[in-house]
Every structure is written in structure tokens, then in C-alpha cells.
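Q: Take a look at the following structure, please.
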Amino acid sequence: MSCNNHNTQSSCGCGTSHCHTGDKTSKRNEYIRLGVATAMLIIGVALGWNGFTCWGICWLPKAWYLFAYLLVAEPIFDSAWELWKKERSVFNELSLMILATIGAFYIGEYPEALTLIILYTVGEILQDKAVEKARRNIGDLLDVRPDTVHVLRDGKEEETHPSQVSVGEVIRLRVGERVSLDGTLSSSLATLDTSALTGESRPVDVSQGEMILAGSIVMGSPIEMTVSRPYSESTLAKLLHLVEESGQYKSKTETFIRRFARVYTPIVTALAVLIVTVPWLWSMYDGGFYYDFHTWFYRGLVFLVTSCPCALVIGVPLAYFAGIGSASKHGLLFKGSVHLDKLRQITAFALDKTGTVTRGNFDVTSTKSADGAGEETFRLLVAVEDHSTHPIAQAVCRYFGFETLPSVTDIHEDAGFGLTARTESGKTILVGSPKMMEKHGVALPEGLIDETHTFVLIAIDNVWQGAVLLSDTYKETSTQALSALHQKGVREVVILSGDRQPIVDEVARTVGADRGIGGLLPQDKVREVQALIRAGETVAFVGDGLNDAPVMAMSDLSFAMGAIGSDAAIEAADVVIQSDDLLRLSEGVDISRFTHRIVLQNIIFALAFKVIIMILATAGLATLTLAIVADVGVSLLVVLNAMRVLGFRVK
């Protein structure tokens with residue numbers, strides 16, 4: 001992943017870049033300068049040039065060490081100047097290093113000044129490599145787009161970049177090859193590994209004409225597919241773009257650390273000045289106290305070197321970024337660290353029923369019709385339902401399978417109730433739930449509605465004509481998933497549905513939800529979530545991401561379930577669950593909590609180590625060399641600790 005993307009740590013809060021992406025020539029020059037300066041330091045120390053005289057020539061050691069110093073420090077001076085022109089701030093890591101090394105020269109500590117700048121540069125190189133490797137590992141985990149594709153043109157197979165393939169062209173995929181574009185299967189059957197998209201380890205079978213998403217891996221036998229979207233608009237491209245943009249939505253901890261760094265650096269700089277000046281003032285008051293400027297100035301320099309909060313401002317964002325990468329590996333796509341961090345705080349989950357807890361694959365169990373109503377009634381019903389994307393409507397159309405349908409016009413959706421339309425002769429058609437019939441004053445036969453089925457009713461000119469009875473099936477993991485949430489401390493799991501209350505009660509009982517609330521319109525779901533929030537709960541809503549935009553906006557955190565192929569769902573939710581498995585929720589909670597634990601470890605470790613070195617510096621027990629080694633060491637350790645999140649395994 002590029003260093004210029006928003007996720008790359010632009011500065012350590014002290015203003016210095018931690019992603020030196022210069023070309024090979026500039027890097028080689030940097031290494032040569034560093035090598036020459038190091039050799040000159042070793043020679044100077046070996047010859048006993050302590051910084052004052054050598055061979056009777058007082059200026060030679062100064063010139064020797066100064067030349068070596070400038071070899072390494074010149075790029076740092078340039079960067080500090082550029083940073084000052086850009087931000088008009090002197091409180092950054094670069095200026096602190098420059099002040100500390102110039103101060104060391106001032107008091108005659110030439111070898112130590114050179115050692116300091118060399119160790120600082122080596123530390124920056126090691127730090128950059130560690131951060132770059134960490135981000136590359138995360139990038140490799142997320143970016144699984146193939147670079148080439150085999151497209152069939154004029155009867156021949158051509159190898160080209162996926163961006164050069166047009167919609168409608170046919171591509172050929174071999175076994176083990178990753179799909180690079182969205183499309184429909186042209187072959188009769190395909191077996192795909194979709195784990196990169198959904199986190200689902202089991203192979204998925206796809207039939208001719210069904211959708212195949214970029215990122216899947218072909219198994220079993222070679223296939224051909226027809227491209228349905230350009231490369232830039234493929235599902236995988238959009239998901240990767242979403243991950244890249246996730247840095248815009250930072251957690252409160254991450255935001256606080258950045259603000260803290262801006263205040264922290266000038267404060268510790270002022271403290272370094274006080275370390276030098278306060279003993280001098282005290283010596284004027286207490287004649288028995290001996291003040292040695294060299295000693296206290298050196299202690300102030302050590303304190304100054306220790307002060308940069310690089311470890312904090314590298315370790316915290318990197319841990320969150322690794323957390324987002326780990327979640328993606330488990331089929332959870334977070335739009336930012338703020339959402340990843342929020343998940344650990346959730347105390348109540350509100351779940352949509354259809355397509356979330358249940359499969360949403362309704363099966364028609366029976367039909368009923370009024371006296372005199374025949375097949376034409378159900379043809380009209382299907383003609384209206386054919387304009388809906390709701391799972392129930394699709395199940396009805398699939399069940400009847402009419403090849404030809406009558407023409408209907410003026411189709412309107414009454415959200416939460418059903419659809420209205422007109423026949424060619426001008427008759428009004430109502431297709432929807434029993435509530436819709438009640439709303440329009442349609443009388444239903446006594447005993448028609450039972451409490452164990454979902455009903456789709458049709459009325460023509462406000463006279464009931466027929467009914468289709470359906471039932472839904474539960475997802476295998478729903479009960480296990482809700483049990484896992486309760487075990488992790490979630491206080492309440494509520495099922496919200498537009499279905500009738502007895503059906504919702506039965507679903508809640510079966511899957512282990514605390515309660516179910518039925519008969520809800522979209523605005524009613526908002527009201528129920530508001531009630532949970534007023535009761536002191538931190539609420540996450542889980543739905544299909546298509547019809548629940550109001551309640552998603554109201555919730556503290558929103559999930560779109562099984563939304564890998566839905567642009568609308570990706571847009572609506574804070575988190576996209578890339579499969580239909582509710583167990584991803586509890587896995588997400590584990591990842592969120594583990595990431596937060598790593599963040600706290602990095603903060604505590606970095607601050608504690610800094611404080612210890614600062615105390616030692618003030619007491620005169622730390623050297624400049626120890627200070628810079630400690631600073632680099634802590635930064636490297638928090639980077640390595642942050643990377644533990646990538647290897648986190650859900651129990």
C-alpha cells in the first residue's frame with residue numbers, strides 16, 4: 001500500500017514522516033552518508049579524540065565530527081525546514097533532534113552528538129521498514145485483485161489487465177485462478193472459494209446465469225463468465241476503496257493521541273528548559289548548592305531527546321488499521337476505527353428478522369382463493385410482485401413461475417404494507433399483508449389468517465380474491481450466534497420485524513433472543529431503537545442495509561448483513577458483514593476488544609517507558625545514547641505489538 005494513502009502515518013505527532021519513500025538512488029546516498037559518518041565516529045573514538053584537542057590541534061576534532069555530523073544531519077535540516085514552511089511549527093521531532101545535537105556540540109560532547117544523530121537515523125530507517133512491512137502485510141491481506149485476465153476475443157484467448165475488459169465480454173478462468181471482475185456464469189456450473197469476500201471457508205456452488213463476484217477463486221473445473229461491471233466498479237474494488245478510506249473515521253482514542261501529541265511536545269520542551277534553568281535559579285537562592293551548567297544542560301538534552309511521542313502516534317493507528325485488516329479476513333468490513341472501537345462498547349443488538357436471523361428464503365406452503373377466482377387472480381398477484389425485490393415477493397414469483405403475465409400500471413409501494421397497481425381495464429389491485437387489507441377496508445374471510453404463516457393477499461377493487469401462505473427458515477448459526485453474544489456480556493438481543501407478533505415471538509424463542517417485537521414499520525423500528533438508547537443501552541442494529549436506512553442512522557452502530565454484492569448496503573451501514581453468518585458479530589466483538597487491548601498496551605508501555613527515561617535523565621542517570629536507543633526500541637516494540645492483531649484467532 002502506498003505511503004501517500006491516508007492510512008499511512010504521515011507524522012509521529014512531532015511532525016516527522018515515518019514513511020520515507022525516496023527512490024533507490026536517494027536511499028543509497030542516505031546509506032553511504034550513514035556509513036561514512038559511522039566510520040568517522042569509530043575512527044575518532046579509536047584515536048581518542050574526545051572533542052577538545054588531538055595531536056595538539058584544537059580545531060581538528062571539531063571539524064572531523066562536524067563534517068561527519070553534517071553528512072547525516074543535512075537531510076534532517078532540509079526536512080525540518082520544509083516542515084516549518086508547511087506547518088509553521090517548531091515543536092516536532094526533527095527540531096528536537098537538531099536542538100539536542102547542536103546542544104551537545106555546544107558543550108563539547110562531539111562524539112555523543114554524532115552518535116545521537118547516527119542512532120536517530122538508523123532508528124528512523126528501522127522504524128520505517130517495520131511500519132512499511134506492517135502496512136504491506138495488511139495491504140496484501142486486503143488487496144487480492146489479480147493483475148491479469150484471459151478474455152475471449154474473436155475466438156482467441158488474450159491475456160490483458162482487467163481494466164481493459166469491457167462489459168459483455170467473456171473471460172475464461174482456470175482452476176485456482178482468482179476472479180478479477182464481477183459477472184454472470186456462462187458455464188453450466190461452478191464451484192467457488194469465496195473466503196476472501198465472505199470469510200466463509202466452505203466452497204459455494206454457482207449455477208449458469210448466477211452472479212460471480214471479483215475476489216472468488218475457481219475450484220473444481222475451468223469456467224467462463226460474462227463481465228457485468230467495469231473493473232473500477234467491481235464489488236472487490238469498492239470494498240478495497242472502502243478499507244482505504246477507513247482512516248477518515250478515527251476512533252476517539254486515536255484522535256485523542258494525535259491531539260495529545262501536539263500539546264505534549266511543547267510541554268516537554270518547556271520542561272527540558274526548566275531542568276536547565278531551575279537548578280541555576282536555586283543555586284542563586286541556596287549558596288550551598290553548586291550549579292554546573294554542563295551537567296544540567298546535558299540532562300536537559302537527554303530529556304529533550306526522550307520527549308518525542310513517536311511510539312504512541314505510530315502504535316495506536318497501526319493497531320487499529322491491523323484490527324480492520326483482521327476483521328476483513330473474518331468477513332467484517334469496518335468503515336473506520338471509530339466503528340471498530342464502538343463495537344466493544346455495544347450492550348444491545350437489535351436484529352431485523354427476515355434475511356438476518358432467518359434465511360429470507362421463503363417457501364410457499366399453500367394458496368387460497370375466493371369463490372370464482374382462478375389462475376388469472378394469481379397472475380395479477382405475480383405481475384405486481386414481480387416489481388418488488390423483497391424476498392417474499394421473489395418467493396411468490398418463483399413458486400408460480402408464470403411465463404407470461406398480464407400488464408399492470410401505476411405500481412406504488414406502501415412501505416411496510418405492500419404494493420398497489422391498476423389493471424389495463426382500470427381496476428385497483430392491492431397486494432400485501434393483512435395490515436394492508438385492513439388499512440384499505442378489505443374484508444377477509446373468517447379464519448383465513450392463522451398465526452404460523454406469512455400471508456400475501458390480493459384484493460381487486462377492495463374485494464379479497466386470494467392468498468398465498470409462506471414460511472421462512474432459520475439460519476443454522478442464528479441460535480449459536482445469539483448465545484455467543486450473551487456470553488460476551490451483551491445485555492439484550494431484540495428482534496425487530498414487520499411480521500406479525502406471534503411469528504416474531506416464535507422466532508425470538510427459537511433462536512434465544514430476549515424478546516421480539518412485531519408489526520413494525522420502518523419508522524417504528526427507529527422508535528424501538530430510541531427506546532433502547534434512552535434506557536442506557538449502546539445499540540447496534542443489524543439488517544439488510546436496503547430498507548432500514550432510518551434505523552441504521554439512529555443506531556450507535558449499524559451492520560449490513562450479507563451485503564457483499566449490494567452498493568446500497570455498503571453505503572448505508574457502518575460495518576458490512578460480507579456473508580450471511582450471524583456468528584461474525586461475536587467474532588467482531590472479539591476482534592474489537594483485542595484491538596483495544598493492544599492499543600492500551602501500546603499507550604501504557606510507551607508512556608511508562610518515556611516517563612522512566614525522563615526521570616533517569618533528570619537525575620543524571622541516562623545518556624543521550626540511552627535515550628535515543630530507548631526511543632527507537634519502544635517504537636519498534638509497539639509496531640510489533642500492533643501486528644499481533646493481524647494474527648488474532650477467534651476462539
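Q: For the chain, with only Lys/Arg (+1) and Asp/Glu (-1) charged at the beta-carbon, what is the dipole magnitude about the Cα centre, in debye rounded to 20?
A: Charge dipole, the chain, about its Cα centre: 2700 debye, nearest 20.
Q: Something else now. In nm, what is the difference between 0.36 nm times the number of residues separating Glu403 and Asp147 and their Cα-Cα distance?
A: 87.9 nm
Q: Which lysines does Lys610 reach when only Cα atoms under 27 Å apart count, and residues fewer than 8 places away in its own chain are ignored?
A: List returned: Lys129, Lys133, Lys250, Lys252.
Q: Using the Cα centre as the reference, give the magnitude of the dipole from point charges on the C-beta atoms of the stretch 368-473 (Lys, Arg: +1; Asp, Glu: -1; all else neutral), rounded to the nearest 20 debye.
A: 80 debye
Q: Over the chain, what number does the Rg to Rh ratio reach, with both radii from the alpha-carbon atoms and Rh per Kirkwood?
A: A ratio of 1.14.
Q: Three principal axis extents, largest first, for the C-alpha atoms of the stretch 167-229, in Å?
A: So the three principal-axis extents are 30, 20, 18 Å.
Q: Related question: So if we plug the beta-carbon distance of Arg491 and Arg259 into 1/(1 + (r/R0)^6) with R0 = 22 Å, what FRET efficiency do we get, rounded to 0.05?
A: Efficiency, rounded to the nearest 0.05: 0.10.
Q: Report, ordered by chain and residue number, the lysines lying within cross-link reach of Lys488, taken as a straight Cα distance under 17 Å and ignoring same-chain residues fewer than 8 apart.
A: Leaving aside lysines fewer than 8 places away in the same chain, those within reach of Lys488 are Lys342, Lys651.
Q: Which ordering of His330, His150, His161, His339 is given by a fewest-first count of other beta-carbon atoms within 10 Å?
A: So the residues, fewest neighbours to most, are His161, His150, His330, His339.
Q: Related question: Going by how many other Cβ atoms sit within 10 Å of their own, how do Val504, Val305, Val529, Val122 line up, fewest first?
A: If I rank by nearby Cβ atoms, fewest first, I get Val122, Val504, Val529, Val305.
Q: May I ask you to list, by number, the DSSP H helices of the chain whose Cα span along the axis is at least 30 Å and whose average Kyte-Doolittle hydropathy reaches -0.5 or more?
A: 24-46, 60-87, 110-142, 252-285, 583-618
Q: Any idea which of Gly220, Gly183, Gly209 is furthest toward the positive side of the dipole for the stretch 167-229, if Lys and Arg beta-carbons carry +1 and Asp and Glu beta-carbons -1?
A: Working it through, the farthest residue towards the positive pole turns out to be Gly220.
Q: Among Gly300, Phe260, Leu646, flag the residue with its Cα farthest along the positive direction of the charge dipole of the chain, charges on Cβ as +1 for Lys/Arg and -1 for Asp/Glu.
A: Highest projection toward the positive end goes to Gly300.
Q: Would you order Thr479, Thr235 from fewest to most other beta-carbon atoms within 10 Å of each residue's own beta-carbon?
A: Ranked by crowding around the Cβ, least crowded first: Thr479, Thr235.
Q: For Gln208 and Thr25, calculate 0.36 nm times their separation in residues minus their Cα-Cα distance, and state this gained length in nm to one decimal.
A: 60.6 nm
Q: Over the alpha-carbon set of the stretch 429-498, divide Rg by the Kirkwood Rh and report the Rg/Rh ratio to two decimals.
A: Expressed as Rg/Rh, it is 1.20.
Q: Going out from 0 in 5 Å bins, what whole percent of all Cα-Cα distances in the stretch 368-473 drops into each bin?
A: 2, 13, 26, 27, 21, 8, 2, 0
Q: Say the dipole of the chain comes from +1 at the beta carbon of Lys and Arg and -1 at that of Asp and Glu; which of Thr194, Gly401, Ile42 then lies farthest toward its positive end?
A: Final value for the positive-end residue is Ile42.
Q: Something else: Report the paramagnetic label zone for Ser163: residues of the stretch 221-240 whose backbone N is under 12 Å from a point 7 Å from Cα along the Cα-to-Cβ axis.
A: Backbone N within reach: 231-233.
Q: When the helices in the chain are scored as -39500 (n - 2.57) per DSSP H run of 4 or longer and the sum is shared across all residues, what 222 nm value do you end up with, to the nearest 500 deg cm²/dmol?
A: -16000 deg cm²/dmol
Q: Please compute the length gained on full extension between Arg174 and Glu476, using 0.36 nm multiplied by the number of residues separating them and subtracting their Cα-Cα distance.
A: 105.5 nm
Q: May I pose another question? Can you compute log10 of I(q)/I(0) for the stretch 508-651 with the Debye formula, treating each Cα as one identical point scatterer, at q = 0.09, 0.11, 0.13, 0.15 Å⁻¹?
A: Cα-only, vacuum Debye calculation for the stretch 508-651: -0.49, -0.63, -0.75, -0.87.
Q: Check the straight Cα-Cα distances from Lys525 and name the lysines below 20 Å, setting aside those fewer than 8 residues away within the same chain.
A: List returned: Lys353, Lys435, Lys439.
Q: What size of dipole, in debye to the nearest 20, comes out for the stretch 167-229 about its Cα centre when the only charges are +1 on Lys and Arg C-beta atoms and -1 on Asp and Glu C-beta atoms?
A: Dipole of the stretch 167-229, to the nearest 20 debye: 120 debye.
Q: Oh, and also: Considering only C-alpha atoms, what is the centroid distance from the stretch 216-238 to the stretch 625-651, in Å?
A: Going from one Cα centre to the other spans 38 Å.
Q: Something else now. Give the Kirkwood hydrodynamic radius (Å, one decimal) of the stretch 575-651, defined as one over the mean of 1/r across all pairs of different Cα atoms.
A: Value: 14.9 Å, from the Cα pair sum.
Q: Rounded to the nearest 0.05, what FRET efficiency do Thr295 and Arg593 give with R0 = 51 Å and r taken as the Cβ-Cβ distance? Could you check?
A: So, using R0 = 51 Å, E works out to roughly 0.60.
Throughout, read-outs are computed from the coordinates displayed, never taken from laboratory work. A quick note: this is a predicted structure, and the numbers were derived from the prediction, not measured. For neighbour counting, all protein chains shown are included, and Cβ atoms are generated from backbone atoms with ideal geometry for every residue, glycine included.
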